[in-house]
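Novice: Here it is: the structure, laid out below.
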Ligand code: HEM
C-alpha cells in the first residue's frame with residue numbers, strides 16, 4: 001500500500017527555504033529525518049523536494065531507472081557554465097558515451113602509472129613544508145591541502161608539458177573561481193550573475209584563462225612527437241567502441257576542467273579533516289606512524305605500496321564517513337514514480353545525503369564515534385553498500401575514486417614520514433557543511449619534524 005509522505009509545512013510562498021539555506025542546514029535535515037522518517041517532503045519556493053534517508057531507497061534511485069532521476073537541477077546548470085558537457089554533467093546517451101570513453105583511463109592499472117607523478121608532487125610540497133617548518137611558520141591546512149591536491153591533479157593530467165607559469169596561472173585562477181562557483185550554486189538566482197558587475201566579468205575571465213591553457217596544451221600535444229604517459233594522453237587516445245571516434249577538443253576541455261574541479265577540493269577537504277582528527281587522537285596517529293615506518297621506512301612509496309598501507313586507507317575512509325566531502329547529492333525526478341512504497345511526484349527535486357546516511361543509527365553502531373576499524377575487511381563486508389556513499393553510487397559513482405584513494409594514502413604516508421601535524425588545543429574544529437564539508441575556521445597547524453629525508 002502506498003505510504004503518504006509527510007514533512008515540515010514551511011512558510012507561505014518560500015516553504016522551508018530559510019532553513020535550507022541556513023548554516024545549520026545539515027542539523028535541520030537531520031531533525032526532519034528524525035521527525036518524519038526516511039522520506040521527507042518539503043518545499044523550496046513552489047518546488048517540491050524529497051529528502052531520502054534510507055540506503056535501500058537510495059540504492060533504488062542510483063541504480064534503477066537512472067534516466068528518471070536526472071541531473072537537471074538548477075545547480076547543475078551553474079556547474080555546466082564551468083564544466084561544459086562532461087562525464088559529470090552530461091545525461092542520457094551523451095553521458096553513457098562519455099563515461100565509456102573516459103572510464104578506462106581510471107582503471108587501477110592506469111592509475112598506478114600515475115603514482116610517480118603523485119609522489120613527485122608530494123615530495124616537492126613536503127620539501128617546501130620543511131623550509132616553512134624550520135622557519136617556525138604555522139600552516140593553514142585547508143589552503144595547503146587545496147594547493148597540493150590541485151597540483152597533483154593538474155600534473156596527473158598534463159605531466160611535464162605544464163610550465164611553471166601555467167601552474168601559477170591555474171593556481172591563481174582556481175581559488176576565486178571555486179568561491180564564485182560555490183556562491184552561484186548555493187544561491188542559484190541567474191539574474192544576479194548576469195549583471196554587468198566587475199566580479200561577474202572576473203568570473204568569466206578565470207574560465208577564459210583556464211580554457212586558454214587547456215586548449216593550448218591539447219593543441220601542442222596533438223603536434224608533439226613524444227607523448228607522455230599522463231591522463232590527458234589516455235583521454236586523447238581513448239575512443240568510442242562503436243564509432244571508433246575519440247573525444248573532440250571541446251569534449252577534452254570539458255573533461256579536463258571537470259577533473260581539475262571534481263578532483264581536488266573533495267580530496268583536500270577530507271585531508272584537512274584527517275590532520276585535524278589525528279592531532280587529537282594520538283593512538284590512531286601512532287598506529288599510522290608504525291605502519292608507515294614498517295612498510296616504507298624513509299623510502300618514497302610506489303604504486304605497489306598502496307595495498308601495503310591498509311591502516312592509512314581505513315583512517316581515510318572513516319574520515320570520509322564523518323566528514324563526507326560531498327554531503328548532499330541532488331537529483332531531479334522526471335516523471336511520477338514509486339520509490340519503495342512511496343509515491344514520488346515528477347518534477348520534484350531529490351536530496352540524498354551521505355552526511356546523514358553515514359550517521360544513520362540503524363546502519364552504524366555509535367555513529368558519532370571515530371573508529372577506523374569499521375573499515376576492517378570483515379566489518380566492511382557487513383556494511384550496507386548504500387549506507388556509505390562518499391563517492392556516490394550506482395552507474396554514476398565517482399570515476400576518480402581509485403585515484404583519490406591512492407593519492408590520499410600517499411599524502412598520509414609521506415607526510416607521516418617527515419612530520420607530525422599538530423593543532424593548538426584551542427582550535428575550533430566546527431565544520432561548515434555546504435557544497436563540501438569544510439572546516440569553518442582556519443586550521444593553523446604547527447609542524448613537528450619526525451625524520452628529515454636522507455638524514
Ligand atoms: C575524495 C575525493 C572525491 C570524492 C569524495 C568524490 C565524490 C564524488 C561524488 C559523490 C560523485 C557523484 C556525484 C553524483 O552522483 O551526483 C562524484 C562523481 C564524479 N567524480 Fe568524484 N570525488 C572525488 C575525487 C574525484 C577525482 C580525483 C576525480 C577525477 C580526477 C573525480 C571525478 C569525478 C567525475 C568525472 C564524476 C562524475 C561521474 C559520472 O557522473 O559518471 N572525482 N565524485
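Novice: With the requirement that a residue be near the ligand (Cβ under 10 Å from one of its atoms) and farther than 15 Å from residue 240 by Cβ, what does the range 80-97 give you?
Specialist: 83, 86, 88, 89, 91
Novice: Would you check which residues across the range 108-138 are surrounded by fewer than 20 Cβ atoms within 10 Å (Cβ to Cβ), outside any helix (DSSP H, G or I) and touching a residue at least 40 places away in the same chain (Cβ under 8 Å) and list them?
Specialist: 138
Listed here are the residues, each with its yes/no results for (1) more than 30 Å from residue 142 (Cα to Cα); (2) modelled with pLDDT of 95 or more; (3) surrounded by 15 or more Cβ atoms within 10 Å (Cβ to Cβ); (4) touching a strand residue (DSSP E or B) at 6+ places or on another chain (Cβ under 8 Å).
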{"position": "333", "(1), (2), (3), (4)": "yes, yes, yes, yes"}
{"position": "346", "(1), (2), (3), (4)": "yes, yes, no, yes"}
{"position": "363", "(1), (2), (3), (4)": "yes, yes, yes, no"}
{"position": "374", "(1), (2), (3), (4)": "no, yes, yes, no"}
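Novice: Checking the conditions here, which among 220, 225 is modelled with pLDDT under 95 and in a loop (DSSP other than H, G, I, E, B)? Give the derivation first.
Specialist: Working: 220 fails: in a loop (DSSP other than H, G, I, E, B).
Checking each option against the conditions leaves just 225.
Novice: Does the range 92-104 contain at least one residue that is closer than 30 Å to residue 191 by Cα and surrounded by 16 or more Cβ atoms within 10 Å (Cβ to Cβ)? Walk me through it before giving the result.
Specialist: Taking the range 92-104 first, the residues closer than 30 Å to residue 191 by Cα are 92, 94-95.
Among the residues that remain, those that are also surrounded by 16 or more Cβ atoms within 10 Å (Cβ to Cβ) are: 95.
Yes; the residues of the range 92-104 include at least one that is closer than 30 Å to residue 191 by Cα and surrounded by 16 or more Cβ atoms within 10 Å (Cβ to Cβ).
Novice: Okay, next question. Has the range 67-84 got at least one residue that is surrounded by 16 or more Cβ atoms within 10 Å (Cβ to Cβ), at pLDDT 95 or above and out of contact with any strand residue (DSSP E or B) (no Cβ under 7 Å at 6 or more places or on another chain)?
Specialist: No; the residues of the range 67-84 include none that is surrounded by 16 or more Cβ atoms within 10 Å (Cβ to Cβ), at pLDDT 95 or above and out of contact with any strand residue (DSSP E or B) (no Cβ under 7 Å at 6 or more places or on another chain).
Novice: Related question: In the range 232-257, how many are surrounded by 24 or more Cβ atoms within 10 Å (Cβ to Cβ) and either in a loop (DSSP other than H, G, I, E, B) or within 9 Å of the ligand (Cβ to nearest atom) (or both)?
Specialist: The number of residues fulfilling the criteria is 1.
Novice: Continuing with the same structure: If you scan the range 149-169, which residues turn out to be part of a helix (DSSP H, G or I), modelled with pLDDT under 90 and within 16 Å of the ligand (Cβ to nearest atom)?
Specialist: 159 - this is the single residue of the range 149-169 that is part of a helix (DSSP H, G or I), modelled with pLDDT under 90 and within 16 Å of the ligand (Cβ to nearest atom).
Novice: Could you list all residues from the range 306-320 that are more than 12 Å from residue 270 (Cβ to Cβ) and either surrounded by 20 or more Cβ atoms within 10 Å (Cβ to Cβ) or touching a helix residue (DSSP H, G or I) at 6+ places or on another chain (Cβ under 6 Å) (or both)?
Specialist: The first filter runs over the range 306-320 and keeps only residues more than 12 Å from residue 270 (Cβ to Cβ), leaving 306-314.
Result: 306, 308, 309, 311, 312, 313, 314.
Novice: Answer yes or no: is there a residue in the range 289-297 that is over 30 Å from residue 425 (Cα atoms), in a loop (DSSP other than H, G, I, E, B) and either within 14 Å of the ligand (Cβ to nearest atom) or within 13 Å of the chain's Cα centre (by Cα) (or both).
Specialist: no
Novice: For residue 89, all conditions in the list (1) assigned to a helix (DSSP H, G or I); (2) at pLDDT 90 or above hold save one; what is the number of the exception?
Specialist: For residue 89, the failing item is (1).
Novice: Related question: Kindly list, by first and then second residue, each pair from a residue in the range 315-335 that is on the phi < 0 side of the Ramachandran plot and without any contact (Cβ under 8 Å) to a residue 60 or more places away in the chain to a residue that is near the ligand (Cβ under 9 Å from one of its atoms) and part of a helix (DSSP H, G or I), limited to pairs with Cβ atoms under 7 Å and residues at least 6 apart or on different chains.
Specialist: 319/270
Novice: Separate question: Of all residues in the range 19-44, count the ones that are surrounded by fewer than 16 Cβ atoms within 10 Å (Cβ to Cβ) and modelled with pLDDT under 90.
Specialist: 4
Novice: I'd like the full set of residues that are modelled with pLDDT of 85 or more and either surrounded by 14 or more Cβ atoms within 10 Å (Cβ to Cβ) or in a loop (DSSP other than H, G, I, E, B) (or both), limited to the range 434-455.
Specialist: At the first step, the residues of the range 434-455 found to be modelled with pLDDT of 85 or more are 439-450.
Selection gives 439, 440, 441, 442, 443, 445, 446, 447, 450.
Novice: Then there is this: Against the definition (away from the ligand (no atom under 15 Å from the Cβ), in a helix (DSSP H, G or I) and farther than 17 Å from residue 346 by Cβ), how does residue 56 come out, yes or no? Full working, then the answer.
Specialist: Working: away from the ligand (no atom under 15 Å from the Cβ): yes; in a helix (DSSP H, G or I): yes; farther than 17 Å from residue 346 by Cβ: yes.
Against the criterion (away from the ligand (no atom under 15 Å from the Cβ), in a helix (DSSP H, G or I) and farther than 17 Å from residue 346 by Cβ), residue 56 qualifies.
The values are calculated or read from the model by the stated rules, or taken from the named source; none is laboratory data. It should be emphasised that the depicted structure is a prediction, and the values quoted were computed from it without experimental measurement. Glycine gets a Cβ as well: all are built from the backbone with ideal geometry, and neighbour counts include every protein chain shown.
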